[in-house]
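Here's the structure we're looking at; comments come further down.
The numbers here are math on the coordinates, done by the rules we state, and not lab data. Note that the coordinates shown come from a computational prediction; the quantities given were computed from them, not determined experimentally. Because the Cβ atoms are built from the backbone with ideal geometry, glycine has one as well, and the counts that use them run over all protein chains shown.
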């Protein structure tokens with residue numbers, strides 16, 4: 001709830017954006033990675049930040065002053081259109097996220113998340129979980145135990161192999177069918 005006077009561009013590292021439920025439980029709203037920014041919507045709304053941010057690893061940020069940036073937007077139509085485009089993409093992503101949270105099972109959300117992390121052309125197809133599993137679970141709207149059960153079931157069906165934070169995909173097509 002700090003006053004929203006700046007927004008931030010991530011150069012390196014990962015930033016976790018969270019809210020705290022009345023029960024005290026932390027809900028991860030987003031994971032912001034290099035090349036992306038956060039808190040830009042607060043620039044237009046004024047007031048306070050609606051979430052709090054925590055770095056998950058050593059992170060470098062660029063802090064952009066809202067008043068100065070609004071001045072740049074007023075004088076640079078191209079910059080304004082690019083920001084609107086990015087914000088529109090983010091809104092579209094949030095609509096998809098609502099669909100996923102309301103229409104997909106926990107297992108489907110886990111599989112979808114893993115497939116989103118898969119780099120193009122990775123051989124063998126694998127991902128390294130760069131954030132703790134409890135953070136991933138919160139981001140997906142499930143309990144950490146549910147995430148562990150889903151991974152165990154996928155491993156039991158020989159669809160994936162799990163080695164610490166590395167997940168190897170044994171059958172990407174079958175996983176896509178399940179997501």
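Each principal axis of the Cα cloud of the range 56-125 was taken in turn, and the coordinate range along them, longest first, works out to 46, 31, 25 Å.
Size descriptors for the chain, from the alpha-carbon set: Rg then Dmax equal 18.3, 58 Å.
Potential lengthening of the chain between residue 92 and residue 20 amounts to 23.5 nm, from the contour at 0.36 nm per residue minus the alpha-carbon distance. Counting neighbouring Cβ atoms within 10 Å and putting the fewest first, the residues 72, 118 line up as 72, 118. Diffusion of the range 6-74 by Stokes-Einstein, at 10 °C in a medium of 1.306 mPa s and with Rh set to the Kirkwood radius over alpha-carbon pairs, works out to 124 µm²/s.
Translational diffusion coefficient of the range 106-178 (Stokes-Einstein, Kirkwood radius from Cα pairs, 10 °C, 1.306 mPa s): 130 µm²/s.
Note on residue 45/residue 130: beta-carbon distance plugged into 1/(1 + (r/R0)^6) with R0 of 22 Å gives a FRET efficiency of 0.10.
Of the residues 75, 12, the one with the fewest other Cβ atoms within 10 Å heads the list, and the complete ranking is 75, 12. Our note on the geometry: Cα centres of the range 121-179 and the range 83-98, 25 Å apart.
Normalised by the number of residues in the chain, the mean separation of alpha-carbon contacts (under 8 Å, six or more apart) gives a relative contact order of 19 percent. Ordered by the number of other Cβ atoms lying within 10 Å of each residue's own Cβ, fewest first, 67, 153 fall into the sequence 67, 153.
Helix 77-103 axis versus longest C-alpha principal axis of the chain: approximately 40°, rounded to the nearest ten.
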